[in-house]
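The values are calculated or read from the model by the stated rules, or taken from the named source; none is laboratory data. Note that this is a predicted model, so its numbers are computed, not measured. Cβ sites come from the backbone with ideal geometry, for glycine too, and all protein chains shown count toward neighbours. Surface accessibility is based on the protein's heavy atoms, side chains included, excluding ligands, DNA and RNA. Shrake-Rupley method; radii C 1.70, N 1.55, O 1.52, S 1.80 Å.
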Amino acid sequence: MFTSIAGRSVVVTGATRGIGKGIARVFAGAGARVLIVGRDEAAAKETVAELAGAGGEVSYALADVARREDCQRIAATAAGRHGGIDVLCANAGIFPDRRLVDMTEEDMDQVFGTNLKGCMLTVQACVPALAASGHGRVILTSSITGPVTGFPGWSHYGASKAGQLGFMRTAAIELAASAITVNAVLPGNVMTEGLADLGEDYHAQMTASIPLRRLGTVGEIGHAALFLATDEAGFITGQTIVLDGGQTLPEALTD
Ligand code: NAP
């Protein structure tokens, strides 16, 4: 049983819906004080209301992670409300579909800006408070797409998600001196609002290619993040956990 999370200050970006909301719910359930971050105020308010009974404490801050000043404001808000930051879940991300031949420079800038630069800016802004905690934890939401697999329409997305892992490995070394660990969860296909937008055909195609024959849940990603945030996981850094129902395992789907 992990006992080290109650009362901890946790920042979750991209938590107005989807995986981030699932991560926030799990941390709140473990008694943490959680700051959820996104750009949509109505969704943020709705999420705070929805998680009110989960346990712990949940509040929101509006920010675009692609902007340095917004990331600095997130860090200041969490430190001001909770007296510091113990855990950062850098989860905000987008996955617009665009084939390479049609991809504009703006498409690339948008995806890299949110998924990769946004992740780096968020971590950078939170480092002083994470270091001050003496047991800082950073958990990045990467993906199987990019680090392990490819999927048509997502060359920019895959590059951004693989880029997060390149960032993670050096950040883990640099931040070890401040007793901060940096790890990543790599979800496969998880049922979220963002994934719902991809349509029924996509879901059916993915479910058929997953040995467990179902999509993942946001709670399952949240529990992996929670584990990485515990004191008990304090010797793990620069590592990844794949959560994909076995999707990346088979040489052929025969069953
Ligand atoms: P989602 O349902 O579309 O939710 C995305 C979240 O990110 C929303 O809360 C959105 O909030 C926030 N966000 C987007 N751009 C932002 C920005 N510039 N600044 C601040 N917040 C921003 O997506 P999801 O499926 O939960 O995905 C979440 C993360 O998991 C992403 O990094 C994604 O790459 C990764 N992932 C997802 C899957 C999957 O199967 N779902 C698989 C692998 C990896 P606002 O709209 O309020 O800004």
Exercise. Does segment 175-183 contain any residue that is open to solvent by 50 Å² or more (accessible area, probe 1.4 Å) and either part of a strand (DSSP E or B) or without any contact (Cβ under 8 Å) to a residue 40 or more places away in the chain (or both)?
Worked result: yes
For this session: Take Gln164 and decide whether it is assigned to a helix (DSSP H, G or I) and in contact with a Leu (Cβ under 6 Å, 6 or more places away or on another chain).
Result: yes
Seminar exercise, completed: Within segment 6-26, residues open to solvent by 10 Å² or more (accessible area, probe 1.4 Å) and away from the ligand (no atom under 12 Å from the Cβ) come out as Ala6, Gly7, Arg8, Arg25, Val26
Exercise. Name the pairs whose Cβ atoms lie under 6 Å apart, with the first residue in segment 47-65 and farther than 19 Å from Thr122 by Cα and open to solvent by less than 30 Å² (accessible area, probe 1.4 Å), the second polar (S, T, N, Q) and within 13 Å of the ligand (Cβ to nearest atom), and 6 or more positions between them or separate chains?
Worked result: Thr47/Thr16
Exercise. If Arg33 satisfies every condition in (1) among the basic types (Lys, Arg); (2) near the ligand (Cβ under 10 Å from one of its atoms); (3) under 12 Å from Val87 (Cα atoms) but one, which is the exception?
Worked result: (2)
For this session: Tell me which of these Leu198 doesn't satisfy, since it passes every other one: (1) in a loop (DSSP other than H, G, I, E, B); (2) near the ligand (Cβ under 10 Å from one of its atoms); (3) touching a helix residue (DSSP H, G or I) at 6+ places or on another chain (Cβ under 8 Å).
Result: (3)
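Of everything in segment 136-160, what is of a type outside the set (Phe, Trp, Tyr), assigned to a loop (DSSP other than H, G, I, E, B) and touching a residue at least 40 places away in the same chain (Cβ under 8 Å)? Give them in sequence order. So that I can check it myself, show each step before the final result.
Filtering segment 136-160 down to residues of a type outside the set (Phe, Trp, Tyr) leaves 136-150, 152-153, 155-156, 158-160.
Imposing the further condition that a residue be assigned to a loop (DSSP other than H, G, I, E, B) reduces the set to 136, 142-144, 146-148, 150, 152-153.
Matches in segment 136-160: Gly136, Ser142, Ser143, Ile144, Pro147, Val148, Pro152, Gly153.
So which of Gly238, Gly222, Gly246, Gly216 is closer than 30 Å to Thr3 by Cβ and surrounded by fewer than 18 Cβ atoms within 10 Å (Cβ to Cβ)?
Gly238
Do the conditions hold for Tyr157, that is, is it among the aromatic types (Phe, Trp, Tyr) and either at positive phi or out of contact with any strand residue (DSSP E or B) (no Cβ under 8 Å at 6 or more places or on another chain) (or both)? Break it down stepwise before answering.
Working: among the aromatic types (Phe, Trp, Tyr): yes; either at positive phi or out of contact with any strand residue (DSSP E or B) (no Cβ under 8 Å at 6 or more places or on another chain) (or both): no.
Answer is no for this residue.
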Exercise. Is it the case that Thr141 is surrounded by 19 or more Cβ atoms within 10 Å (Cβ to Cβ), more than 9 Å from the ligand (Cβ to nearest atom) and not aromatic (Phe, Trp, Tyr)?
Worked result: no
